[in-house]
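First the structure, in the form of structure tokens, and then the observations on it.
The values are calculated or read from the model by the stated rules, or taken from the named source; none is laboratory data. Keep in mind it's a predicted model, so treat the numbers as computed, not measured. In this analysis, Cβ positions are derived from the backbone assuming ideal geometry, glycine residues included, and neighbour counts consider all displayed protein chains.
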Amino acid sequence: MPGPKILIVDDEKEICEVTKNFLGRRNYDCYTANSGKEALEMAKQVRPELVLLDVRLGEVSGLEILPQIKALNQDTKVVMVTGLADAESVKEAKAQGALDVLAKPFSFDYLCDFLSKKLAE
């Protein structure tokens, strides 16, 4: 039986695929999106329990997509992922409904522990 549904959103396809493969081996049911538009479409289709949403998506900011994902389903937990975790971005993300902010780089073991805790909240 598949585990929790996780949507991984990053404009770098390799990051999405590596993360999906790693989490998939740990019984997470993973989906990926490489743009804001694709993220919204996938969120509608699969109704993930948690979204790992990169702040920088290229054409649009993850912070712009965050309220749209939350509007689709208030129960969806969204964790913003960023390499530039400045205090203002963290504050804005949480104000828009993000559960937390995860700073890059991180190990996959840390990610698994982090996701377990966040899904339990």
Considering only residues of segment 76-119 that are charged (D, E, K, R) and over 22 Å from Lys20 (Cβ atoms), which is modelled with the lowest pLDDT?
Asp86
For segment 20-52, enumerate the residues that are among the hydroxyl-bearing types (Ser, Thr, Tyr) and either closer than 18 Å to Asp113 by Cβ or in a strand (DSSP E or B) (or both).
Tyr28, Tyr31, Thr32
Kindly indicate the residue of segment 66-121 that is of a type in the set (S, T, N, Q) and in contact with a helix residue (DSSP H, G or I) (Cβ under 8 Å, 6 or more places away or on another chain) and also nearest to Pro4 (Cα to Cα) among those meeting that condition.
Thr76
Identify, by number, the condition in (1) touching a helix residue (DSSP H, G or I) at 6+ places or on another chain (Cβ under 8 Å); (2) closer than 17 Å to Ala103 by Cα; (3) at pLDDT below 95 that Glu59 doesn't meet.
(2)
Out of the residues in segment 83-121 meeting the condition of being among the polar types (S, T, N, Q) and surrounded by 10 or more Cβ atoms within 10 Å (Cβ to Cβ), tell me which one is nearest to Leu72 (Cα to Cα).
Gln96
Among the candidates Glu12, Glu17, residue that is at pLDDT below 95, among the charged types (D, E, K, R) and within 22 Å of Cys112 (Cβ to Cβ)
Glu12
Those residues of segment 2-19 which are assigned to a helix (DSSP H, G or I) and either touching a His at 6+ places or on another chain (Cβ under 9 Å) or buried (at least 17 other Cβ atoms within 10 Å of the Cβ) (or both) amount to Ile15, Cys16, Thr19
Can you tell me how many residues within segment 42-70 are surrounded by fewer than 14 Cβ atoms within 10 Å (Cβ to Cβ) and touching a Lys or Arg at 6+ places or on another chain (Cβ under 8 Å)?
1
When Val90 is evaluated against the numbered criteria (1) part of a helix (DSSP H, G or I); (2) within 17 Å of Lys117 (Cβ to Cβ), which criterion, by number, is the only one it fails?
(2)
Considering segment 33-59, residues that are of a type in the set (A, V, I, L, M) and within 11 Å of the chain's Cα centre (by Cα), and then whichever is nearest to Cys16 (Cα to Cα), we arrive at Ala33
Would you be able to say whether some residue in segment 102-117 is among the acidic types (Asp, Glu) and part of a helix (DSSP H, G or I)?
yes
